[in-house]
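Since the structure comes first, as structure tokens, the remarks are kept for the end.
The values are calculated or read from the model by the stated rules, or taken from the named source; none is laboratory data. Everything numeric here is computed off the predicted structure, so don't read it as measured data. As a convention, Cβ positions derive from the backbone with ideal geometry for all residues, glycine included, and neighbour counts pool all protein chains shown.
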Amino acid sequence: MIDVLYFAWVRERIGLPRERLETSAVTVAALVDELRAREERYEAAFADLSSLRVALDQELANFDAPLAGVREVAFFPPMTGG
Amino acid sequence: MIDVLYFAWVRERIGLPRERLETSAVTVAALVDELRAREERYEAAFADLSSLRVALDQELANFDAPLAGVREVAFFPPMTGG
Amino acid sequence: MRVSVQTDPFDLGAESNAFAAAQTTAGAVVTFTGLVRDNGGTLAAMEIEHYPGMTERAIRAIMDQAVGRWSLEDALVIHRHGRLTAQEPIMMVATAARHRADAFAAAEFLMDYLKSRAPFWKKEIGTDGAEWVAAKAEDEAALTRW
Amino acid sequence: MRVSVQTDPFDLGAESNAFAAAQTTAGAVVTFTGLVRDNGGTLAAMEIEHYPGMTERAIRAIMDQAVGRWSLEDALVIHRHGRLTAQEPIMMVATAARHRADAFAAAEFLMDYLKSRAPFWKKEIGTDGAEWVAAKAEDEAALTRW
């Protein structure tokens, strides 16, 4: 089981801030593919990966990073702090 | 007649903050030569021109600048503000 | 080195005074304050979302990098989230160093990284709709100079 | 744009708050504060001499240059003279701009020029004698980057 979190417009498009999933995906990219296949709202959120960022257990990561041992995955647009 | 002002260690070496002088010098450098010829304390203050700065009527200037029309000359070491 | 991620307003003046007064070896203190900018009077509010678990650790990691690169005596980051109105302070950074070049460089570095690497997202609530603020290419490009 | 050359202490916090509160179009406020640094605990006091007639006009000329080079909404310079003790604020600069790059660059520019082109001279009164602070080659060199 893995916690998947969504922020900003990713959260708005998917319609929920977090969910707990069973997945066999071995990389972030494979998890994204599973999510996109679920429903139109996921497809809309993940349509353009270049406009998305991912964090694994609260550290920024790449989409080809492995998911082994990861407990929390977060998807969000590029940050706009400061 | 011209007002000549001294600041920081230039003032301390010469022993006064300002004086009013009659001079026929046409440049700052010529005025410096006149001053150096007056007394030992002036010679001490003006020994090394590279460690001095000059302002004419409160604007930074060079030692070869003309004195025509100038009312106030100030000599001081490089600034250390901020 | 203090990090505060908060919804409450902060007092720039009180924070600046407390930060400067705590210094015993610094000759230079730099502060940066970000204000909510109202482009043309159409902003009703700005909403700032963040990633609670990650935000403080991301900011501390950025601070650690700054401490490793410059000779700093101290640093401070305060960043608000929630709903803000025009001209309210969003966040502030303060740095203290023996010499001004370190204090300035570290403050700019902290700002560049906070902009693009700390998990905050701004949404502008306008009088005619709401829009997520898009990350600027120049903000990402600013990171390459460090 | 305010310039104040004064013997009295100033309140960094109050000045920062007043400066930020006066902004209506700025998104970025940068302040720099210079503190009297005591190198190794031997400083009894610092005396700052200045050239009364020239100081304010020199500072205004530097500010005018900054306004010509960067997109600034506002700027402030406060510089003390007279006798100061360790860790007291000597001076501060504040800049306000729509974007942070302008606010940072203008504040650094103001500091670099104030250091070497505004007529102030610092004397360190030590527990074992007094000495005029020598201008640093690096401060003069800092001007060449602008």
Any residue in the range D:55-76 that is under 30 Å from residue C:40 (Cα atoms), of a type in the set (Lys, Arg) and outside any strand (DSSP E or B)?
yes
From (1) under 22 Å from residue C:73 (Cβ atoms); (2) free of Cβ contacts under 8 Å to residues at least 60 places away in the same chain; (3) surrounded by 22 or more Cβ atoms within 10 Å (Cβ to Cβ), pick out the condition that doesn't hold for residue D:86.
(3)
Please determine whether any residue of the range A:21-29 is farther than 22 Å from residue C:46 by Cα, part of a helix (DSSP H, G or I) and at pLDDT 95 or above.
yes
Given the conditions (1) farther than 19 Å from residue D:37 by Cβ; (2) in a helix (DSSP H, G or I); (3) free of Cβ contacts under 8 Å to residues at least 12 places away in the same chain; (4) at the interface with chain D (Cβ under 10 Å from one of its Cβ atoms), which single one is not true for residue C:17?
(1)
All-but-one check, residue D:35 against (1) closer than 28 Å to residue C:73 by Cα; (2) in contact with a Lys or Arg (Cβ under 7 Å, 6 or more places away or on another chain), failing number (2)
If you check residue C:19 against the conditions, is it buried (at least 19 other Cβ atoms within 10 Å of the Cβ), touching a Ser or Thr at 6+ places or on another chain (Cβ under 8 Å) and hydrophobic (A, V, I, L, M, F, W, C)?
yes
Looking only at residues that are polar (S, T, N, Q) and at the interface with another protein chain (Cβ under 9 Å from one of its Cβ atoms) in the range B:53-82, which one is surrounded by the most Cβ atoms within 10 Å (Cβ to Cβ)?
B:80
Does any residue in the range B:50-63 that is on the phi > 0 side of the Ramachandran plot come within less than 8 Å, Cβ to Cβ, of a residue that is among the acidic types (Asp, Glu) six or more places away or on a different chain, and which pairs are these?
B:57/B:72; B:58/B:72
Taking the range D:121-146 and keeping residues surrounded by 11 or more Cβ atoms within 10 Å (Cβ to Cβ) and of a type in the set (Val, Ile, Thr) leaves D:125, D:133
I'd like to verify a number: residues in the range A:1-18 that are away from chain C (no Cβ under 14 Å) and touching an Asp or Glu at 6+ places or on another chain (Cβ under 8 Å), how many?
2
Would you confirm whether any residue within the range D:48-68 is over 27 Å from residue B:53 (Cα atoms), under 12 Å from the mean Cα position of the chain (by Cα) and of a type outside the set (D, E, K, R)?
no
Taking residue D:94 as the residue in question, decide whether it is away from chain C (no Cβ under 12 Å) and among the aliphatic types (A, V, I, L, M).
no
Test: residue D:86 is of a type in the set (A, V, I, L, M) and either away from chain B (no Cβ under 14 Å) or part of a strand (DSSP E or B) (or both):
yes
Among the residues listed as D:53, D:68, D:41, the single one being within 12 Å of chain B (Cβ to nearest Cβ) and without any contact (Cβ under 8 Å) to a residue 40 or more places away in the chain
D:53
Within the range C:119-133, take every residue that is in contact with a Leu (Cβ under 9 Å, 6 or more places away or on another chain) and farther than 26 Å from residue C:56 by Cα and give me the one that is farthest from the other protein chains (Cβ to nearest Cβ).
C:127
So, first residue modelled with pLDDT under 95 in the range C:94-109, second residue assigned to a helix (DSSP H, G or I) and not polar (S, T, N, Q), Cβ within less than 6 Å, six or more apart or across chains; the pairs are none
Those residues of the range B:9-27 which are surrounded by 14 or more Cβ atoms within 10 Å (Cβ to Cβ) and within 14 Å of residue B:44 (Cβ to Cβ) amount to B:9, B:10, B:11, B:12, B:13, B:14
Identify all residues within the range A:37-52 that are closer than 13 Å to residue A:4 by Cβ, away from every other protein chain (no Cβ under 14 Å) and not hydroxyl-bearing (Ser, Thr, Tyr); write none if there are none.
A:38, A:46
Those residues of the range C:82-96 which are out of contact with any Gly (no Cβ under 6 Å at 6 or more places or on another chain) and not small (Gly, Ala, Ser), in sequence order
C:83, C:84, C:85, C:87, C:88, C:89, C:92, C:93, C:95
Identify the residue in the range C:117-137 that is among the charged types (D, E, K, R) and over 23 Å from residue C:61 (Cβ atoms) and, among all such residues, is modelled with the lowest pLDDT.
C:128
